[in-house]
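Student: Starting off with a structure, shown below.
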Amino acid sequence: MEIRRATVADYDRLVAFDTLASSAPERRDHIKTWIGTDCCYVAEIGELVGAYGVLNYHFFGNGFIEMVMVGEDFRRKGLGIGLVRYFKEICETPKLFASTNQSNQQMQKLLNSAGFRTSGFIDNLDENDPEIVFCFHAP
């Protein structure tokens with residue numbers, strides 16, 4: 001697996017496997033913005049892009065993993081955890097945050113296995129599905 005910054009040439013591929021992009025124009029706009037601001041990274045197996053992730057510093061000045069999306073055909077191949085580990089390595093702040101819905105058990109397991117710990121909850125983002133905030137403290 002190789003991880004690199006996403007480029008404009010990756011846009012169509014990211015939109016194709018993003019589970020929201022086909023029905024949500026704002027997600028397509030987000031992907032374009034993330035690529036344009038150099039905070040989007042892709043994970044490749046061979047020459048095939050199978051996942052992307054977004055790392056920014058908008059969460060109270062700390063690193064924040066805004067998105068991890070793995071294409072359906074690439075799940076269970078280590079791309080999601082690979083991106084999270086990569087973000088831990090390159091994060092410029094001592095604390096790295098991430099969040100996921102309470103209903104997203106897979107992402108919770110992934111973050112826990114990467115050494116993140118629950119840091120709090122945010123209600124009222126998604127109806128009846130609180131957002132769980134996770135934090136990783138760099139050693």
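No value in this document is a laboratory result; all are computed from the given coordinates. Values in this document were obtained by computation on a predicted structure and should not be read as measured data. Glycine also receives a Cβ, built like all others from the backbone with ideal geometry; neighbour counts cover every protein chain displayed.
Student: With r defined as the distance between the Cβ atoms of E89 and S22 and R0 fixed at 35 Å, what FRET efficiency is calculated, to the nearest 0.05?
Tutor: E between E89 and S22, to the nearest 0.05, is 0.65.
Student: With each pseudo-label sitting 7 Å past Cα toward Cβ, what's the I45-H58 distance in nm, one decimal?
Tutor: 3.1
Student: Could you point to the residue in T93, V8, M107 farthest towards the positive end of region 2-137's charge dipole, with +1 and -1 charges on the Cβ of Lys/Arg and Asp/Glu respectively?
Tutor: T93
Student: I've got another one for you. With the crude spin-label approximation of a point 7 Å out along Cα→Cβ, what separation in nm comes out for D126 versus S103?
Tutor: If labels sit at D126 and S103, their model points lie 0.6 nm apart.
Student: Kindly identify region 2-137 as rounded, prolate or oblate by the Cα gyration tensor criterion: order the square roots of the eigenvalues as a ≥ b ≥ c, call it rounded if a/c is under 1.5, otherwise compare a/b with b/c, prolate if a/b is larger, else oblate.
Tutor: Rounded, since a/c falls under 1.5.
Student: How high is the relative contact order of region 71-139, in percent, counting Cα pairs under 8 Å that sit 6 or more residues apart?
Tutor: 36
Student: Would you mind calculating the relative contact order of the chain from Cα pairs under 8 angstrom and at least 6 residues apart, reporting the percent as a whole number?
Tutor: Averaging sequence separation for qualifying contacts and normalising by length gives 18 percent for the chain.
Student: When the Cα centres of region 4-22 and region 34-82 are compared, how far apart do they sit, in Å?
Tutor: For region 4-22 versus region 34-82, the Cα centre distance is 10 Å.
Student: Measure off 7 Å from each Cα along the Cα-to-Cβ vector at A9 and E72, then give the distance between these two points in nanometres to one decimal.
Tutor: Calculated label separation equals 2.8 nm.
Student: Further, regarding this structure: For the chain, modelled as a GNM with alpha-carbon contacts under 10 angstrom, which of N112, N104, N124 fluctuates the most?
Tutor: Answer for the Gaussian network model of the chain: N124.
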